[in-house]
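Q: Starting off with a structure, shown below.
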Amino acid sequence: MKKNSNVKAKLDSAAGSGLLMFAQILVLAALLLGLQFIIRTTGGSLFLAASLAPALTIVGVVISAALLLYRYTRRHSLFLKEEYAPGEAVFKKGDNPDCAYFVVSGEAEVVVEQSGRESVVAVLTQGEYFGEMALLSNEPRNATVRAKTPLVTEVIGKDNFLAMMRAVRSAREDVTKTMEQRLSRTAGGGSPKQ
């Protein structure tokens with residue numbers, strides 16, 4: 001699972017944006033090869049426009065489609081199971097919020113950095129959830145969450161989470177109460193559980 005998690009982290013971060021820009025550059029290069037053929041028709045430009053340009057376009061489109069499909073399904077997911085090994089990060093402080101997590105089994109620790117040192121501010125266990133504060137505030141993640149023990153989570157995408165909050169009064173009340181408790185810990189000198 002470690003390898004899949006590293007790929008997921010890269011696709012969710014600036015590396016994913018870089019991959020999308022790379023795909024766009026490939027398609028732009030194909031366009032330029034076609035324009036060069038139109039402007040200066042030679043055997044070499046015909047070969048490049050006829051063979052290399054379509055290949056560049058196909059690769060660019062495949063990369064773009066795969067990345068956009070991954071991001072779409074992640075944002076609209078409804079309870080996908082994810083597993084993490086001890087020490088593996090679920091998300092890091094500053095990551096963009098795209099989903100909330102419900103702990104099915106294992107333990108997750110919430111870590112914040114204070115004065116250059118990591119500090120565990122909460123340990124989350126079965127039945128608890130995290131990641132909701134960033135979804136509701138639409139701000140980057142305010143802490144790092146990593147697996148303390150082998151961790152199994154159910155993931156709900158941002159759009160489905162927000163729809164649930166609008167539609168289910170008891171869920172809205174529970175999440176509001178949990179957020180207030182976490183924010184009161186922050187005001188008292190701690191950090192929130194998210």
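All of the numbers you see were taken from the coordinates with simple rules; none came from a lab. Only a predicted model underlies this, so the values are computations on that prediction, with no experimental measurement involved. All Cβ positions, glycine included, derive from the backbone under ideal geometry; neighbour counts span all protein chains shown.
Q: R0 = 45 Å: FRET efficiency of Leu162 with Gln36, Cβ-based, nearest 0.05?
A: For R0 = 45 Å, the calculated efficiency reads 0.40.
Q: Here is a follow-up. Can you give the extra length, in nm with one decimal, that the chain gains between Ser17 and Gln181 once fully stretched, where that is 0.36 nm per residue apart less the Cα-Cα distance?
A: Taking Ser17 through Gln181 to full extension adds about 55.5 nm, to one decimal.
Q: Can you compute the FRET efficiency between Ala29 and Tyr72 using 1/(1 + (r/R0)^6), with r the Cβ-Cβ distance and R0 = 22 Å? Round to the nearest 0.05.
A: Computed FRET efficiency for Ala29 and Tyr72 comes out at 0.25.
Q: Fully extended, how many nm does the chain gain between Ala171 and Lys92 (0.36 nm per residue separation, minus their Cα-Cα distance)?
A: Contour length minus Cα-Cα distance gives 25.9 nm.
Q: I'd like to compare 134-141, 94-101: which one has the highest average count of other Cβ atoms within 10 Å, and what's the full order after that?
A: Answer by packing, highest mean first, reads 94-101, 134-141.
Q: Given a Förster distance of 45 angstrom, what is the FRET efficiency for Val152 paired with Phe47, based on the Cβ-Cβ distance and rounded to 0.05?
A: The value I calculate is 0.25.
Q: Any chance you could give the angle, 0 to 90 degrees and rounded to 10, that helix 2-12 forms with the longest Cα principal axis of the chain?
A: 70
Q: Continuing with the same structure: Rounded to the nearest 10 degrees, what's the angle between the helix 53-75 long axis and the longest principal axis of the chain, both from Cα atoms, 0 to 90?
A: 10
Q: How high is the relative contact order of the chain, in percent, with contacts defined as C-alpha pairs under 8 Å that are six or more residues apart?
A: 22
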